[in-house]
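S.K.: For reference, the structure I am asking about is given below.
The values are calculated or read from the model by the stated rules, or taken from the named source; none is laboratory data. Remember, predicted model here, so these are calculated numbers, not experimental data. Here the Cβ positions follow ideal geometry from the backbone for every residue, glycine too, while neighbour counts run over all protein chains shown. Just the protein is used for accessible areas: all its heavy atoms, side chains included, with ligands, DNA and RNA removed. Shrake-Rupley method; radii C 1.70, N 1.55, O 1.52, S 1.80 Å.
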Amino acid sequence: MKYFDHAATTPPYEDVIRTVGEVMAQHFGNPSSLHRMGEDSGKLLSKAREVCAHALQVNPGEIVFTSGATESNNLAIRGAMARYRQRGNHIVTTTVEHASVYETCRHLEQQGCEVTYVPVQANGAVRVEDVLAAVTDNTVLVSVMHVNNEVGAVQPIAEIGRALKNRHPRVLFHVDGVQGFGKLPLSIQDSRIDLYSLSAHKFRGPKGTGLLYVREGVHLTQLLTGGGQEGGLRSGTENIPYIVGMTKAMRMAAERQPALASHWSKLSRELHEGLAGLPGLVVNSSPDGAPHIVHFSYPGIKAEAMLHMLEEEGFLVSTQSACSSKRSEPSRVLLAMQKGKDCSLSGIRISLGEEHTEEDVRQLLGAVKRTMERLQIVKGGNR
Ligand code: PMP
């Protein structure tokens, strides 16, 4: 079986697995305990914070460890809206955010917040001017993802961040960096980002752990009350083994990013060219998007049918994003890109990993072609 679903989750590095086991067995003290075992865990936690901060080129005091990006996104958005209520109640975001941002905004709307969902262009990217035009005197937060998890569209984060700081310096800028980290370069400082979310399992770390970068001077209302860990922003005993495992993966992802991006770009170009040559297929991603995500639709055929046939051929891919793939509704992201209902029901995402070779890509293209031929019969029969 060839795994082509790295945007859903990635296999942890061997070193990460080993480290998690070792820390779990040997350093199980609670970092809040005053004795030496507590102190030992506390040191591991501080070191982990330093490594993560170094990978992101920020200060260790600006890192809050969480259970992953769903929590980080919730903490950033809910925490900012609650803390800065006096400033206003308006959020600017896009129509293509991950559910952990989109559904959080929808929920906050029910609680009296106003949300503007800025539409995207046909390639899935927002225009900087459209985001800026949506900002009002009432806007507290702008939340835009770096890379879209379904189609790999890259948002103009640096341009949005800089323009916001110039024209609306009090408005906070949150970036869901989950699909961008380790894939594309992004400077938190140069992009004037105030809040930045990550999940470790998307860059070969453990699941159930992640972080939120909170710029010094930005204050949030905590979601979890309790023992006051993580500077009071995230109560609960810290998951030291997974946090240390995440730092291993983070360091490797940051170091390998340039080499991997050029490796993936090459494979992505081949995939795009190959798919574009298959009549009836609609390619929704672009070789200029994130290097690890390729996305196409075969209109008229439900995505699940294609997915399972590709699985029979030995290839594991995805329909929509892993989080929404159990619902057979049209993809919100493809609809936002004006792809139409047929296309939005038949989207297939291919996402690349470190291990993939040109030969893997060629075999996958062959499997897509054969699957289309088999499905053509079904399509014909449906008419
Ligand atoms: N944001 C994006 C862009 C994602 O792709 C995901 C994971 N699919 C998340 C947030 C949420 O991450 P997690 O499920 O690890 O909390």
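S.K.: If the elastic network links every pair of Cα atoms under 10 Å, which of Pro11, Pro330, Pro169 fluctuates the most in the Gaussian network model of the chain?
M.R.: Top of the fluctuation ranking is Pro169.
S.K.: Something else about it: At a Förster distance of 45 Å, what's the computed FRET efficiency of Arg167 paired with Gln363, Cβ-Cβ distance as r, to 0.05? Could the numbers behind the result be given before it?
M.R.: Numbers: r = 50 Å, r/R0 = 1.11.
E between Arg167 and Gln363, to the nearest 0.05, is 0.35.
S.K.: If you take the charge dipole of the chain about its Cα centre, with +1 on Lys and Arg Cβ and -1 on Asp and Glu Cβ, which of Leu267, Asn149, Thr139 is farthest toward its positive end?
M.R.: The listed residue farthest towards the positive side: Thr139.
S.K.: Could I ask something else about it? Multiply the residue separation of Thr237 and Arg18 by 0.36 nm, subtract the distance between their alpha-carbon atoms, and state the gained length in nm to one decimal.
M.R.: Gain on extension, Thr237 to Arg18, equals 76.7 nm.
S.K.: Another question, if that's okay. Which distance in nm do the two modelled labels at Gln110 and Glu373 give, with both placed 7 Å along the Cα-to-Cβ direction?
M.R.: With each label point 7 Å from Cα toward Cβ, the separation is 5.0 nm.
S.K.: For Val244, tell me the accessible area in Å² from a 1.4 Å probe, rounded to the nearest 10.
M.R.: Val244 has an accessible surface of roughly 20 Å² with all protein chains in place.
S.K.: Grab the DSSP H runs of the chain that are 4 residues or longer, score each as -39,500 (n - 2.57), total them, divide by all residues and round the 222 nm result to the nearest 500 deg cm²/dmol.
M.R.: Result for the chain, helices only: -13500 deg cm²/dmol.
S.K.: With springs connecting C-alpha atoms under 10 Å apart, model the chain as a Gaussian network and identify which of Met145, Met309, Met246 has the largest mean-square fluctuation.
M.R.: Maximum among the listed residues: Met309.
S.K.: Additional query: Just to confirm the number: angle between the C-alpha axis of helix 36-56 and the first principal axis of the chain, 0 to 90 degrees, nearest 10?
M.R.: With both axes taken from Cα atoms, the answer is about 50 degrees.
S.K.: Also, I was wondering about something else. In whole Å, what are the Cα extents of region 249-376 along the three principal axes, biggest one first?
M.R.: That works out to 42, 29, 24 Å along the principal axes.
S.K.: Further question: With charges only on Cβ, +1 for K and R and -1 for D and E, what is the dipole size of region 227-267 about its Cα centre, in debye, rounded to 20?
M.R.: Around 220 debye, computed over region 227-267.
S.K.: Report, in debye and to the nearest 20, how large the dipole of the chain comes out about its Cα centre when Lys and Arg carry +1 and Asp and Glu carry -1 on their Cβ.
M.R.: It comes to approximately 480 debye.
S.K.: Expressed in whole Å with the largest first, what are the equivalent ellipsoid semi-axes of region 274-346 derived from the C-alpha gyration tensor as the square root of 5 times each eigenvalue?
M.R.: Result for region 274-346: semi-axes of 17, 16, 13 Å.
S.K.: For the chain, with a Gaussian network of springs between Cα atoms less than 10 Å apart, report the residue from Met337, Met37, Met306 with the top mean-square fluctuation.
M.R.: Taking springs between Cα atoms under 10 Å, the residue moving most is Met37.
S.K.: Tell me whether region 172-247 comes out rounded, prolate or oblate; compute the Cα gyration tensor, take square roots of the eigenvalues as a ≥ b ≥ c, and use a/c under 1.5 as the rounded threshold.
M.R.: Since a/c reaches 1.5 but b/c is at least a/b, the shape of region 172-247 is classed as oblate.
S.K.: Take each of the peptides 61-68, 338-345, average the number of other beta-carbon atoms within 10 Å over its residues, and list them starting from the highest.
M.R.: Highest to lowest by the protection proxy: 61-68, 338-345.
S.K.: Rounded if a/c is under 1.5, else prolate if a/b beats b/c, else oblate: with a ≥ b ≥ c from the C-alpha gyration tensor eigenvalues square-rooted, which is region 1-113?
M.R.: Working: a/c = 2.63, a/b = 1.46, b/c = 1.80.
Judged from the Cα gyration tensor, region 1-113 comes out oblate (a/c at least 1.5, b/c at or above a/b).
S.K.: Using a Förster radius of 30 Å, what is the FRET efficiency between Met37 and Glu355 based on their Cβ-Cβ separation? Nearest 0.05, please.
M.R.: According to the calculation, E is roughly 0.20.
S.K.: Sticking with this one: Nearest 20 debye, what's the magnitude of the dipole of region 228-325 about its Cα centre given +1 on Lys and Arg Cβ and -1 on Asp and Glu Cβ?
M.R.: 320
S.K.: While we're on this one: Are there any GluC sites (Glu not before Pro) in region 174-251 that are in a DSSP loop and have at most 14 other Cβ atoms within 10 Å? List them by number.
M.R.: Hits after loop and neighbour filter: Glu216.
S.K.: When a/c is below 1.5 the answer is rounded, else prolate if a/b is larger than b/c, else oblate, so apply that to the chain with a ≥ b ≥ c taken from the square roots of the Cα gyration tensor eigenvalues. Could the numbers behind the result be given before it?
M.R.: Details: a/c = 2.05, a/b = 1.34, b/c = 1.53.
Judged from the Cα gyration tensor, the chain comes out oblate (a/c at least 1.5, b/c at or above a/b).
S.K.: Take the cross-link list Lys302/Lys339; Lys266/Lys302; Lys183/Lys369; Lys202/Lys339 and give me the ones stretching past 18 Å between alpha-carbons.
M.R.: From Lys302/Lys339; Lys266/Lys302; Lys183/Lys369; Lys202/Lys339, over 18 Å: Lys266/Lys302; Lys183/Lys369; Lys202/Lys339.
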